[in-house]
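Here the structure comes first, spelled out in structure tokens, and everything after it is commentary.
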Amino acid sequence: MRKDAVHNRERLLRAARSLFADRGLDVPLEEIARTAGVSIGTLYNRFPTRQALVDAVFEDRVTAVARLAEEALAADDAWEGLVAFLTGVCELQAADLGYNDVAVRGAAGGDTAGGYRLMRRIVDRAHASGQLRADVTLEDMAFVTWGIAATVRATFRVAPGAWRRHLALTLDGLRASSASETRPLPAPPLTPEQTAALMPECG
């Protein structure tokens with residue numbers, strides 16, 4: 001890439017990162033271009049689709065989540081590893097409305113299959129330790145993401161730490177000690193296909 005093209009790309013990424021963080025992923029592309037000081041044509045030359053721009057802006061978050069997952073799997077205590085992973089991901093969501101949207105919509109791109117495998121290992125390990133209730137599935141973890149994302153968006157400007165209370169209540173419900181044979185969960189878990197179909201609708 002020519003020097004000016006590299007410069008324009010970096011200006012677009014900075015503008016998109018700032019606007020997405022403050023308002024979420026639905027910021028008009030024309031506004032991103034205007035904030036970056038370039039034409040909309042220049043934006044499309046660098047990023048042919050909105051998704052291409054989103055992928056570039058949040059590439060570092062994909063790496064960060066993978067690192068959190070590896071740290072969770074290396075933790076001595078499987079439950080503490082699960083808690084640390086979920087807390088770390090929620091902290092990323094809470095700091096950036098754009099990434100909050102990404103987490104809900106599954107729009108980050110990158111090593112999606114790899115991230116899914118890592119999350120399954122974290123859940124399986126917590127099950128094997130006896131600390132995660134046996135009736136919790138990997139798909140149930142989507143509810144954690146959706147619930148925290150809604151709390152983040154609702155409280156982002158008024159009570160930015162409120163999600164931590166929401167997460168703590170959720171984690172208490174996920175503990176094996178919370179399960180009861182006399183009070184089984186009232187509905188079956190979502191299937192992987194249902195979860196995948198719902199992701200784009202939850203942003």
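Here the condition is being touching a residue at least 60 places away in the same chain (Cβ under 8 Å), under 17 Å from Ala16 (Cα atoms) and either touching a Ser or Thr at 6+ places or on another chain (Cβ under 6 Å) or of a type in the set (Gly, Ala, Ser) (or both); of Gly41, Gly98, it holds for Gly98 alone.
Just to check your reading of the model, which residue among Ala52, Ala84, Ala66, Ala78 is open to solvent by 30 Å² or more (accessible area, probe 1.4 Å), more than 20 Å from Val102 (Cβ to Cβ) and free of Cβ contacts under 8 Å to residues at least 60 places away in the same chain? Steps first, answer last, please.
On the way: Ala52 fails: more than 20 Å from Val102 (Cβ to Cβ); Ala66 fails: more than 20 Å from Val102 (Cβ to Cβ); Ala78 fails: open to solvent by 30 Å² or more (accessible area, probe 1.4 Å).
Exactly one of Ala52, Ala84, Ala66, Ala78 is open to solvent by 30 Å² or more (accessible area, probe 1.4 Å), more than 20 Å from Val102 (Cβ to Cβ) and free of Cβ contacts under 8 Å to residues at least 60 places away in the same chain, namely Ala84.
Within region 160-185, the residues that satisfy the criterion of being at pLDDT 90 or above and either of a type in the set (Asp, Glu) or in a strand (DSSP E or B) (or both) are Asp172, Arg175. Filtering region 160-179 to residues that are open to solvent by less than 40 Å² (accessible area, probe 1.4 Å), more than 15 Å from Glu91 (Cβ to Cβ) and hydrophobic (A, V, I, L, M, F, W, C) leaves Leu174, Ala176. As for region 120-132, it holds at least one residue that is surrounded by 18 or more Cβ atoms within 10 Å (Cβ to Cβ), more than 24 Å from Glu193 (Cα to Cα) and touching a residue at least 40 places away in the same chain (Cβ under 8 Å). When you look at Arg157, is it open to solvent by 70 Å² or more (accessible area, probe 1.4 Å), more than 19 Å from Gly130 (Cβ to Cβ) and either assigned to a helix (DSSP H, G or I) or modelled with pLDDT of 95 or more (or both), yes or no? So Arg157 does not fit the description; no. Asp135 meets each of the listed conditions (1) assigned to a helix (DSSP H, G or I); (2) under 23 Å from Ala78 (Cα atoms) apart from (1).
I'd like the residue in region 186-202 that is in a loop (DSSP other than H, G, I, E, B) and surrounded by 13 or more Cβ atoms within 10 Å (Cβ to Cβ) and, out of all such residues, is modelled with the highest pLDDT. First the steps, then the outcome.
So the first thing to find is which residues in region 186-202 are in a loop (DSSP other than H, G, I, E, B), and the list is 186-191.
With the extra rule that they be surrounded by 13 or more Cβ atoms within 10 Å (Cβ to Cβ), the set shrinks to 189-190.
Working: Pro189: 84, Leu190: 81.
Filtering first and then ranking leaves Pro189.
The values are calculated or read from the model by the stated rules, or taken from the named source; none is laboratory data. Just so you know, these numbers come straight off a predicted model, no measurement behind them. Neighbour counts run over all protein chains shown; Cβ positions are idealised from the backbone, glycine included. All accessible areas refer to the heavy atoms of the entire protein, side chains included, with ligands and DNA or RNA removed. Shrake-Rupley method; radii C 1.70, N 1.55, O 1.52, S 1.80 Å.
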